[in-house]
Amino acid sequence: MARPSRPSWLRLPRRRTDAPTAGSPLVEPVPHADRFLFQDLLVEATADIGSRPGRLVMTIAGTVLGIGALVATVGFAQTAAHQIARQFDAVKATQVVVSPAEAQTRGGSVATSRLPWNAVDRAETLVGIESAVLLAELSLGEDAITAVPIHDPSAAATASPALAAATPELLDVLRGSIETGRMFDAGHEDRADRVVVLGTRAADRLGINRVDSQPSIFIGDVAYAVIGIYGGLQAKGDLLDAVVMPLSTAQHDRALAAPGTLQARILPGTGPQLAEQLPLALRPDDPEGLEVAAPAASSSLGENVQADVNIVFLVLGAIVLLAGALGIANVTMLNVMERVPEIGLRRALGSSGRQIAGQFIVESVVIGLLGGLIGSALAVAAVVGISVAQQWTPIVDPWVAAGGVVLGAIVGLVAGGFPARRAARIEPVTALRGGH
């Protein structure tokens, strides 16, 4: 039966068989191949790690949790910040408003220019504008908006809803929806029909919740047919409290002199160029008379939200990571205490304190590296899986995942430093006598 080969640290110098010559050393120098090299250190360290699989799993678990929590929290923070910013910017980044410039007078502000009646057609010729609507706020004066033609003096006085006028593209631009009925169309606009649509809150105030019975409202003494009720506006939500009629009807019945504003739904990122082009397209004779409120090409909201969320999650991840580092240090220290006799024997056979310390440091680094690799992989899988399940866009920075692996090795290096230093200071005589 073949005898197992001894590890390099147990190999003794070979005895000389020939007689020493004059001037030659009594003991032949140990060849370089017999010295304790880095590969020997790596073999010894990894062999000891694999000899205790149960302890290895428990130790790696702490690092996996720490690195995994850190990478996952950063990934979830970036994903959540992107979702929050997208919700905030979904409407803001795709809306542009054009209004006449105003001058201050003693009686208040006065418009110094006007929007043309065909502003929608002019605006929609520009690249980047998907849809546009003309809006105008109408004054009721002494009129009131009621659902019945009879005025009851004994009834409690209620405030009338707001009155506005718009072109048929209203809901398309403002991202609204019809709750019941329909929106007035280009035919109503061309004929200046006396029809209106109600915002959901205005309909509740007037007591109208259906249009199949052809209800009417009265603005002053004039009846208008209610053909639809709308809701769900993502922009200009105050119109939910308004009664809206076609712009041409307002021009005919309410003596509307000019549109108030033009609001357009645009492609993301086209705000800056449209801010320059819209005044020229709408009023080439007086572009300075129009003011354009357009979103910037990029918003800092997402970055601000991401920074705030990252701080919270990074603190939590750091706490879990610290727990994993303490677990590695604790197991490494326990390993040193259990192997004091072995350390003493190695020191007695010629192993240096640096070699002893190096072995325990390599063990800790390997444990941390394995924990970082497994933790980063699980964290990335969790971020992608949960994001897909929630129909989010997963955002995981590859450098964060790679950094988690490196950080695991660094944690193992730091955690194993003190136990390795203690192992290197153990004296051979004390260790062989069984002292700690």
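The values are calculated or read from the model by the stated rules, or taken from the named source; none is laboratory data. Because the structure is a prediction, the values reported are computed rather than measured. Cβ: placed from backbone, ideal geometry, glycine included. Neighbour counts: every protein chain shown. What goes into the accessible areas is simple: the full protein's heavy atoms, side chains included, and nothing from ligands, DNA or RNA. Shrake-Rupley method; radii C 1.70, N 1.55, O 1.52, S 1.80 Å.
Observations, loosely collected:
- Near pairs, Cβ below 9 angstrom, 6+ apart or cross-chain, from segment 259-287 (at positive phi) to any residue that is of a type outside the set (Lys, Arg): GLY269/ALA93; GLY269/GLY128; GLY269/PRO295; GLY269/ALA297; GLY269/SER298
- Taking segment 217-236 as the range and being surrounded by fewer than 17 Cβ atoms within 10 Å (Cβ to Cβ) and either part of a strand (DSSP E or B) or in contact with a Leu (Cβ under 9 Å, 6 or more places away or on another chain) (or both) as the test, the residues that pass are GLY220, VAL222, ALA223, ALA225, GLY232, GLN234.
- Residue match in segment 150-162 (condition: charged (D, E, K, R), at pLDDT 85 or above and either open to solvent by 50 Å² or more (accessible area, probe 1.4 Å) or touching a strand residue (DSSP E or B) at 6+ places or on another chain (Cβ under 7 Å) (or both)): no
- For segment 261-279, the set of residues classified as in a helix (DSSP H, G or I), in contact with a Gly (Cβ under 9 Å, 6 or more places away or on another chain) and open to solvent by less than 40 Å² (accessible area, probe 1.4 Å) consists of GLY271, LEU274, PRO279, listed by residue number.
Quick grid of which residues meet (1) exposed (fewer than 14 other Cβ atoms within 10 Å of the Cβ); (2) within 40 Å of the chain's Cα centre (by Cα):
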site: GLN104; (1), (2): yes, no
site: ALA111; (1), (2): no, no
site: TRP117; (1), (2): no, no
site: GLU124; (1), (2): no, yes
site: LEU135; (1), (2): no, yes
site: ALA144; (1), (2): no, no
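- Restricted to segment 367-381, and to residues there that are open to solvent by less than 40 Å² (accessible area, probe 1.4 Å) and not polar (S, T, N, Q), the residue that is farthest from THR59 (Cα to Cα) is ALA379.
- When the residues of segment 286-315 are filtered to those that are closer than 24 Å to VAL96 by Cα and modelled with pLDDT under 65, the one that is surrounded by the fewest Cβ atoms within 10 Å (Cβ to Cβ) is SER300.
- Any chance VAL244 is open to solvent by less than 40 Å² (accessible area, probe 1.4 Å), part of a loop (DSSP other than H, G, I, E, B) and within 17 Å of THR146 (Cα to Cα): no
- The condition of being aliphatic (A, V, I, L, M) and closer than 21 Å to VAL133 by Cβ holds for only one of VAL197, VAL211, VAL222, that being VAL197.
- For segment 109-129, the condition holds for no residue, the condition being that it is modelled with pLDDT of 90 or more, aromatic (Phe, Trp, Tyr) and touching a strand residue (DSSP E or B) at 6+ places or on another chain (Cβ under 6 Å).
- Matching residues, segment 205-216, being assigned to a loop (DSSP other than H, G, I, E, B) and charged (D, E, K, R): ARG210, ASP212
- Boolean, ARG182 is surrounded by fewer than 20 Cβ atoms within 10 Å (Cβ to Cβ), in contact with a strand residue (DSSP E or B) (Cβ under 6 Å, 6 or more places away or on another chain) and either more than 16 Å from LEU135 (Cα to Cα) or among the hydrophobic types (A, V, I, L, M, F, W, C) (or both): yes
- Number of the condition not met by LEU256 [criteria: (1) without any contact (Cβ under 8 Å) to a residue 24 or more places away in the chain; (2) under 30 Å from THR112 (Cα atoms)]: (1)
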